[in-house]
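The values are calculated or read from the model by the stated rules, or taken from the named source; none is laboratory data. Computed from a predicted structure; not experimentally measured. Cβ atoms come from the backbone with ideal geometry, glycine included; neighbour counts cover every protein chain shown. To get the accessible areas, we keep the full protein, side chains included, count just its heavy atoms, and leave off ligands, DNA and RNA. Shrake-Rupley method; radii C 1.70, N 1.55, O 1.52, S 1.80 Å.
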Amino acid sequence: MKYVIIGNSAAAVGCVEGIRKYDSDGEILLVSKEPYATYSRPLISYYLAGQVDARHMGYRPASFYKTHRVTTLLGSEAVGLDTKDKSVRLSDGRTVAYDKLLIATGGVPFVPPIEGSDAEGVMTFTTWDDAKRLKRLVPRLKKVVILGGGLIGIKAMEGLQAHGTDITVVELMDRILGLVLDKTATSFLERKLKEEGVHLVKETTIKKIHKDNAGRAVGVTLENGRELATDQVIIAIGVRPNIGLVKDSPVETNRGIVVDYFMRTSEADVYAAGDVAEADDILHHEPRVIPILPNAYKQGKVAGSSMTGNEIEYPGGMVMNSVEVGGIPAISAGIMNPPDDEGYEVKRLIDRKNGVYRKMVIRDNRLVGFILIGAIDRAGIYTGLIREGVNISPFKNHLTDLDFGVICFPKDLRTYKISNVYM
Amino acid sequence: MKRVYAKEEICAGCRLCEVWCVVAHSKSGDIVKAFNSEFPRPLPRVMVEEAGPFSFALQCRHCMEPPCIEACMTGAMFRDGAEGPVLHDPEQCVGCWMCVMVCPYGAIARDVTIKKIASKCDLCQGEEEPSCVAHCPNEALVFEDRG
Ligand SMILES: Cc1cc2nc3c(=O)[nH]c(=O)nc-3n(C[C@H](O)[C@H](O)[C@H](O)COP(=O)(O)OP(=O)(O)OC[C@H]3O[C@@H](n4cnc5c(N)ncnc54)[C@H](O)[C@@H]3O)c2cc1C
Ligand code: SF4
Ligand code: SF4
């Protein structure tokens, strides 16, 4: 059996581990565009900040490929797929044949059409190379404009804050981290950012990037008419599934590559996982691209198992995030901003003095989402309740308590939980 | 594999398990030094949950498909061998709390004493029996193989 994996990040690593759980003999060939051994993408902002050095960027130990008997082609880009011939074409002209193929090409940063975005000094921030480049530039940067106050924009901001750079974040919504927090939650974080000297400009976007004669970015004009001087623009408004490889193949795509519960695509022996795939969202009961690392790893692992013939179902994913902004920890998951009229119930605890906010979103007596600011300990208990669809009515009034725990569960459930092996 | 299980009916809520967990993970291994002079003092990796007359001690369940490993973005959380305990490498950990976000038992503590790192039960590697089990005066904790 010959397994070929395109990609070398969370989903690819999950796949390798999934395959090796069941098949210790099959040949595994891993092809990746980036020249590095698998590294942790979320760590690139820590690297930029100088909090993590090159030695600790690895997502797995250096021995990983050897212990899992994986042959690697690093620095090779896959450019074409022939599902009839069962082969993948590489940028250097070579082709590799597969029995089973995983596409784990992740996401690509989305760059909207903005006049002047081809200027020197305009970049995105999703790869280690981006972080290296920015780190080299940073001593010379005076004013940086980050377009996008979502997760990646905020991470870039944090990496730069460590260098004392003057930062302006331009965000289209009325708040930062709009998709993963609510207005109250972000008010805690935004106040802190202001104290730290970060400029936030909300409800607008960049209309034009100005260049000097040498083609370097020197300033931006916003939709709201404001002008900002800058010497570096970072575009961080999100990632899109990186589906280029399958564009001219019969593999079915929607926003991402369409997969079933076993991570199979529409074509035989072709699987997809991670940020490139559109897999089940347990809360919306439909396939969605949820570009976060835990989902990528899990999907990869499921794909790997399936590829060996051990079909283990993907349990489904949900949006979840853990971020720390200005030293304030925040964790959220599921549906955090429910529509007003559709039978959701919301429980809140707000304690501004102690910097604590806890919000629970309930639907049909099931927890479907939460936000925790400040007091985030044991957040996973809530995530577990969502995932398992536990009826929370017996302890609904304790959900936002600071000491909420397994002890609040009804006796049967609690005894079951503590006396058995989980999953 | 062997895991620690609590007997809710006989736990008295004395929290000695927490104390001995701290001692077991201290540098000196000495109860007086661990609490009086050592820095940093480890956090207890077992926690007693209490509500009215009920209490029990809870620590990492060393899950079969551990959500913490799936969510860990640095590889700091790992399984030691195919059937081994779920362990944590403090050097690789960056304290991103992804694991805290997903552990369904709330069994991971945030240690922020020096650098931010996750802190969880390691079943007292190298000892015959975890310290919490060995020191529970009521035998409310057992170390056994339930699959
Ligand atoms: C700055 C930043 C911070 C983040 N922080 C978090 C966080 O805190 N929590 C969280 O859950 N998620 C976070 N994420 C998201 C997380 O990194 C992704 O969800 C995760 O990396 C997805 O893994 P993946 O394996 O699907 O793809 P990717 O990590 O995108 O990797 C794709 C792989 O495919 C390779 N590749 C792509 N195209 C080709 C090709 N044509 N041929 C060969 N190889 C190819 C690439 O080289 C790479 O190895 C963050 C992302 C960024 C950018
Ligand atoms: S820390 Fe939590 S999620 Fe991880 S193995 Fe232990 S109980 Fe399971
Ligand atoms: S806090 Fe440490 S162990 Fe937990 S997910 Fe982050 S890096 Fe991994």
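Okay, here's what the table says:
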read-out: Filtered residues of the stretch B:20-59 (kept if among the β-branched types (Val, Ile, Thr), open to solvent by less than 40 Å² (accessible area, probe 1.4 Å) and over 19 Å from residue A:405 (Cα atoms)); value: B:22, B:23
read-out: Scan of the stretch A:265-299 for residues that are more than 16 Å from ligand 2 (Cβ to nearest atom) and of a type in the set (D, E, K, R), ordered by number; value: A:267, A:269, A:275, A:278, A:280, A:281, A:286, A:288
read-out: Flag if residue A:372 is in contact (Cβ under 8 Å) with a residue 40 or more places away in the chain, at negative phi and under 25 Å from the mean Cα position of the chain (by Cα); value: yes
read-out: Selected residue [in a loop (DSSP other than H, G, I, E, B), within 14 Å of chain A (Cβ to nearest Cβ) and out of contact with any strand residue (DSSP E or B) (no Cβ under 7 Å at 6 or more places or on another chain)] from B:44, B:40; value: B:44
read-out: Residue tally, condition at pLDDT 95 or above and more than 10 Å from chain B (Cβ to nearest Cβ), over the stretch A:301-324; value: 15
read-out: When residues of the stretch A:39-88 are limited to those that are touching a Leu at 6+ places or on another chain (Cβ under 7 Å) and under 30 Å from residue A:323 (Cα atoms), the one farthest from the other protein chains (Cβ to nearest Cβ); value: A:48
read-out: All positions within the stretch A:378-411 that are within 12 Å of another protein chain (Cβ to nearest Cβ), in a helix (DSSP H, G or I) and open to solvent by 50 Å² or more (accessible area, probe 1.4 Å); value: A:387, A:388, A:398, A:411
read-out: Failed item in (1) closer than 29 Å to residue A:263 by Cβ; (2) buried (at least 17 other Cβ atoms within 10 Å of the Cβ), with residue A:116 passing the rest; value: (1)
read-out: Top-ranked residue in the stretch A:199-239 [being of a type in the set (A, V, I, L, M) and part of a loop (DSSP other than H, G, I, E, B); ranked as least open to solvent (accessible area, probe 1.4 Å)]; value: A:236
read-out: Whichever residue in the stretch A:240-255 is open to solvent by 70 Å² or more (accessible area, probe 1.4 Å) and within 16 Å of ligand 1 (Cβ to nearest atom) and, among such residues, is nearest to residue A:138 (Cα to Cα); value: A:240
read-out: Subset of the stretch B:28-55 that is within 14 Å of the chain's Cα centre (by Cα) and of a type in the set (A, V, I, L, M, F, W, C) - its residue that is nearest to ligand 1 (Cβ to nearest atom); value: B:43
read-out: Every pair of residues 6+ apart whose Cβ atoms lie under 8 Å, when the first sits in the stretch A:76-96 and is farther than 15 Å from residue A:247 by Cβ while the second is modelled with pLDDT under 95 and open to solvent by 30 Å² or more (accessible area, probe 1.4 Å); value: A:76/A:92
read-out: Verdict on residue B:126 being out of contact with any Cys (no Cβ under 6 Å at 6 or more places or on another chain), more than 16 Å from ligand 1 (Cβ to nearest atom) and at the interface with chain A (Cβ under 8 Å from one of its Cβ atoms); value: no
read-out: Residue count for the stretch B:60-74, restricted to those that are open to solvent by less than 20 Å² (accessible area, probe 1.4 Å) and more than 8 Å from ligand 2 (Cβ to nearest atom); value: 4
read-out: Filter result for residue A:362 (over 18 Å from residue B:54 (Cβ atoms), away from every other protein chain (no Cβ under 14 Å), in contact with a helix residue (DSSP H, G or I) (Cβ under 8 Å, 6 or more places away or on another chain) and open to solvent by less than 20 Å² (accessible area, probe 1.4 Å)); value: yes
read-out: Helices (runs of 4 or more DSSP H) contained in the stretch A:2-115 and holding at least 2 residues among the aromatic types (Phe, Trp, Tyr) and under 26 Å from residue A:314 (Cβ atoms); value: A:64-67
read-out: Selection within the stretch B:75-109 - open to solvent by 10 Å² or more (accessible area, probe 1.4 Å) and part of a helix (DSSP H, G or I); value: B:98, B:99, B:102
